[in-house]
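Undergrad: I have a structure I would like to understand better, so I am pasting it below and will then ask my questions one at a time.
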Amino acid sequence: MSAVESPMGKELFEFGPFRVDPEKQALLRGGELIALNPKTFQVLLVLVRHGNQIITKDELMKSVWPDTFVEETNLTRNIFSLRKALGDNDQNRYIITVPGQGYRLAEGVRLVSEPDLRIVAASHSKVQIQVRETKRGGWIAAAVIATLVIGAGTIRFFRHRTPALTGKDTIVLADFVNSTGDPVFDETLRQGLAVQLEQSPFLSLIPDRRIHQTLQLMGKTAEIPLTAAVANEVCERTGSAAVLEGSIAPIGTRYVLGLRATNCRTGDLLDEEQVQSATKEQILNALSDVARKFRTRVGESISAVAKHDTPLADATTPSLEALKAYSAALRLHASRGAIAALPLFRRATEIDANFAMAHAWLGRIYADLDESDLAAESISRAWQLRDRTTDREKLWITASYQTLVTGNLTQAQQTCEAWVQTYPRDAAPHQLLAGMTNKSVGRYEQALAEAQKAVELDPDFAIGYYSLGVNNAYLGRLERAGSAINRAGARGLEIEEFVMLRYDLAFLRGDQAGMDREAARARARSGAASLISNNEAFALAYLGRLHQAREVSARAVSEAEQTAQRERAALWRAGDAVREAFFGNLPEAKKSATAALDQSKDRAVEYGSALALAMSGDSSRSETLAHDLDSRFPEDTAVQFSYLPVIRARLALNRGDASKAIELLQTAVPHELGVPPSAISGLFGALYPIYMRGEAYLAEHRGAEAAAEFKKVLDHPGIVVADPIGAMAHLQLGRALAVSGDKAKANIAYQDFLALWKNADRDIPVLTQAEAEYAKLQ
């Protein structure tokens, strides 16, 4: 017989002191489950089914990886893991290496019939199982130990059933029931289980922010424990399929981890799993084991589990304390926002400096707070540690690194598209595609389509509605933009971005009462005061009320500094410098630019400061900053295709070389209708390549070409909003039309500018120039 033949019915194999149960993918010794990952178990199964015959390496690799080319080192690594699990040593040798050929088992293999198991007694702390010896003389181990779930003085036995979930179902993850008395397990195990399950392309967990939103609709606070009963109601309200409950209990000096999945509508039991951990330090490994079993039981393919199966200690941290801080930070972020969660994310990285996802989240928090240098530092560290994550988290870190550190939006788009292919049920990559990767280069229709996908996948994904709104605003569809935010409001969603967008929409409609209402709403929200003050400063400056704009801008800077957001304060100062430069207040522009650079070397801060200095005649300092941007950010899409062309074109104009300026701005043409990061965070910089090209044409007395460029600016108010070029484009259009000889249209353009600035401060240099030029036209 070339291989051990299986009798009719279930296969059970024995060799030495071990039993192998293929159906349950279980290896047991003396009744105790020995943890093996799926591929290592498959290697064992091939060896077992061939008795003690030699199996070549090629045969093993083709059996275990039938559809995939893998290196021989993969097999070697799994053989090593198998030997370690079996306790292979010089005294007890179970796997023999046959040089030049392959491997074989040292002992013969016995086939046994399925044991007759009968539960004699069960309690919360002890389980007794009576077994009957088989006719073949082999011993009967408690092979069901991995599927016994202990709780409330009872014991349940789960038998294999058809897949319980489909690829369209969602799951609500309840809190773990912790009966150990050790608080380190509180929240920690639930988060660890979430990490393990979220690496599955098949399963989809309801995210915590959606759970918290649902709890609010239920009249409950976000801090309420997510017990099985509460989770069941959340499950029903979100249209989910199942609730997954976890538990941890002590049994002597060991720990027992259990999972129980139930249909929240019918109460039917879908699956129960259990594993043991000999020590506290091995609990994360045990959690990985039980998550793996659950994934295969509820319908995920073995190949998918094997492909996306990073152990928890490798995917997160071996430190329970670090994982506890990280878990608490995520929950706090979902319920109270970025600033509240920041110290706990920082704490997680302090406990374990190699905790990749803690660094990644810390970086994202800093980015949300416009602390770009700190964000880049943390995300760069996460990028260095990205191999210590799951496949999904690796994609998340890579996309963050490409958008926030290198700025290479082409690569970021490719990463997000690969993310969508691997995890088609994940809303996050669609949101990234709806954000900077598409809108920074002006692909607003594509961004809208991605935002819609994000909302369809996660109807309570607040930022998805913002992307729907803001991309419609960029396209001039103000009613649709407002409707998107209203849809979010109808679901009880409210974030700072909604307030800022409503303020911009009110500004674009000329609705001062609406602007005031949103400003008051923003100041009632923690951390939003500085943001709205900066918006108000731009709106005031747009109307020529520059003295008041300076006061409000100073308040925005102060509010940012009071919350230790130095880089955000620098960004506000850079924006102030740009406004002053466009309006001809050159000493004020230089002062604000210098103050901004003293606080931050952020790329948007350097861009605004360099442009303001160039417009103020300080070409030397501007050139130095341009060189710094070019050398530090050679891959950055915004830097290379927007910031640098604009700065260098302005410097060329300073030298009187308008044709060179036009040539330099050709680089920006493919992305010139985009909204770069400086405009997203600092409210300046959108359409600047177009505006600067208009100035270059004007310097060459090419009035018609100049007028066409300034008209582009005026034709896209939803992109420009309150940027100073929106006001200045009226004046520049008048100048261009005058040069082209169209006096009638030039008069109209000048009148539009002067009407816009009817209540402007009288001492603004550009206003004095405009009035003088208009008088000459009459």
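Undergrad: Where the centre of each part is set by its Cα atoms, how far does the stretch 608-641 sit from the stretch 305-333, in angstrom?
TA: When both Cα centres are located, 41 Å separates them.
Undergrad: Using a simple charge model, +1 on the beta-carbon of Lys and Arg, -1 on the beta-carbon of Asp and Glu, nothing else, what dipole does the chain show about its Cα centre, in debye to the nearest 20?
TA: 1220
Undergrad: Using only alpha carbons, build the gyration tensor for the stretch 283-415 and give me the equivalent ellipsoid semi-axes, biggest first, whole Å.
TA: Details: eigenvalues 135, 73, 32 Å².
The answer is 26, 19, 13 Å, longest axis first.
Undergrad: Moving on to the next point. Which ³J(HN,Hα) values, rounded to whole Hz and listed in residue order, are derived for the stretch 179-191 from phi using the Karplus coefficients 6.51, -1.76 and 1.60 in 6.51 cos²θ - 1.76 cosθ + 1.60 with θ = phi - 60°, glycine and proline given as x?
TA: Once θ is set to phi - 60°, the couplings for the stretch 179-191 become 9, 7, x, 9, x, 5, 7, 5, 6, 4, 5, 4, 5 Hz.
Undergrad: While we're on this one: When N is the residue count of the stretch 204-350, what does its C-alpha Rg come to as a fraction of 2.2 N^0.38 Å?
TA: Output field value: 1.13.
Undergrad: What is the set of long-range amide H partners of THR310 at a cut-off below 5 Å, with H atoms built 1.01 Å from backbone N?
TA: Counting only residues 5 or more places away or on other chains, the set is ASP391.
Undergrad: Let me ask you something else. Only four residue types carry charge here, +1 at the Cβ of Lys and Arg and -1 at the Cβ of Asp and Glu. Report the dipole size of the stretch 478-595 about the Cα centre in Debye, rounded to the nearest 20.
TA: Values: 18 positive and 16 negative charges, 13 e Å.
Rounded to the nearest 20 debye, it is 60 debye.
Undergrad: How high is the FRET efficiency between THR221 and ALA524 when r is their beta carbon distance and R₀ equals 22 Å, given to the nearest 0.05?
TA: E(calc), rounded to 0.05, equals 0.70.
Undergrad: Can you give me the solvent accessible area of ASP182 with a 1.4 Å probe, rounded to the nearest 10 Å²?
TA: Its heavy atoms expose roughly 40 Å² to the probe.
Undergrad: Whole-Hz ³J(HN,Hα) for each residue in the stretch 458-471, computed from phi via Karplus 6.51 cos²θ - 1.76 cosθ + 1.60 with θ = phi - 60°, x for glycine and proline: what do you get?
TA: 9, x, 10, 8, 4, 5, x, 5, 4, 5, 4, x, 6, 5
Undergrad: Also: Could you give each residue of the stretch 197-203 its phi-based ³J(HN,Hα) in whole Hz, using Karplus coefficients 6.51, -1.76, 1.60 with θ = phi - 60°, and x for Gly or Pro?
TA: 7, 6, 7, 7, x, 8, 7
Undergrad: Right, something else. Of the listed peptides 230-239, 601-610, 204-213, what is their order by residue-averaged count of other C-beta atoms within 10 Å, with the highest listed first?
TA: The densest-packed peptide leads the list: 601-610, 204-213, 230-239.
Undergrad: Using only the Cα atoms, what convex hull volume per residue in Å³ does the stretch 517-558 have? Numbers along the way, then the final one.
TA: Working: hull volume 2.3 nm³, N = 42.
About 54 Å³ per residue, rounded to a whole number.
Undergrad: Another question about this same structure. Might you list the cysteines of the chain that have no disulfide-compatible partner by the rule of another cysteine's Cβ under 4.7 Å?
TA: CYS416
Undergrad: Identify which of the listed values of log10 I(q)/I(0) by the Debye sum over Cα atoms at q = 0.05, 0.06, 0.08 Å⁻¹ was calculated from the structure shown: (i) -0.26, -0.38, -0.71; (ii) -0.39, -0.53, -0.80; (iii) -0.35, -0.48, -0.74.
TA: Only one option fits the structure, namely (iii).
Undergrad: If you take the charge dipole of the chain about its Cα centre, with +1 on Lys and Arg Cβ and -1 on Asp and Glu Cβ, which of ALA462, LEU259, ASN285 is farthest toward its positive end?
TA: Checking the options against the dipole of the chain, the answer is LEU259.
Undergrad: Treat each spin label as a single point 7 Å out from the Cα along the C-beta direction, and report the ASP268 to ALA775 distance in nm.
TA: Result: 8.7 nm between the two label points.
Undergrad: Could you calculate the FRET efficiency of ARG83 with GLN562 from 1/(1 + (r/R0)^6), where r is the beta carbon distance between them and R0 is 60 Å, rounded to 0.05?
TA: So, using R0 = 60 Å, E works out to roughly 0.50.
Undergrad: Taking only protein heavy atoms and a 1.4 Å probe, what accessible area per residue, in Å², does the stretch 646-778 have with all protein chains in place?
TA: For the stretch 646-778, the per-residue accessible area is 39 Å².
Undergrad: Something else now. Taking every pair of distinct Cα atoms and averaging 1/r, then inverting, what Kirkwood hydrodynamic radius in Å comes out for the stretch 451-576?
TA: 15.2
Undergrad: Leaving ligands, DNA and RNA out of it, report the carbon-plus-sulfur percent of the accessible area of the chain at a 1.4 Å probe.
TA: 50
Undergrad: Also, I was wondering about something else. Roughly how many Å is it from the Cα centre of the stretch 419-483 to that of the stretch 531-580, as a whole number?
TA: The stretch 419-483 and the stretch 531-580 have Cα centres spaced 28 Å from each other.
Undergrad: Then there is this: Over 20 Å apart: what share of the alpha carbon pairs of the stretch 593-695 falls there, rounded to a whole percent?
TA: Counting every Cα pair in the stretch 593-695, those more than 20 Å apart make up 29 percent.
Undergrad: Using the heavy atoms of the protein chains and a 1.4 angstrom probe, tell me the accessible area per residue for the stretch 506-555 in square angstrom.
TA: 43
Undergrad: Name the residues whose placed amide hydrogens come within less than 5 Å of the amide hydrogen of ALA106, ignoring near sequence neighbours (fewer than 5 apart) on the same chain.
TA: Answer set, sorted by chain and number: ILE95, ILE96.
Undergrad: Please give, to one decimal in nm, the separation of the simple spin-label points placed at LYS57 and ARG509, each 7 Å out from Cα toward the Cβ.
TA: The two pseudo-label positions are separated by 7.2 nm.
The values are calculated or read from the model by the stated rules, or taken from the named source; none is laboratory data. All values derive from a computational prediction rather than experimental measurement. Glycine also receives a Cβ, built like all others from the backbone with ideal geometry; neighbour counts cover every protein chain displayed. Keep in mind that these areas ignore ligands, DNA and RNA; they rest on the heavy atoms of the full protein, side chains included. Shrake-Rupley method; radii C 1.70, N 1.55, O 1.52, S 1.80 Å.
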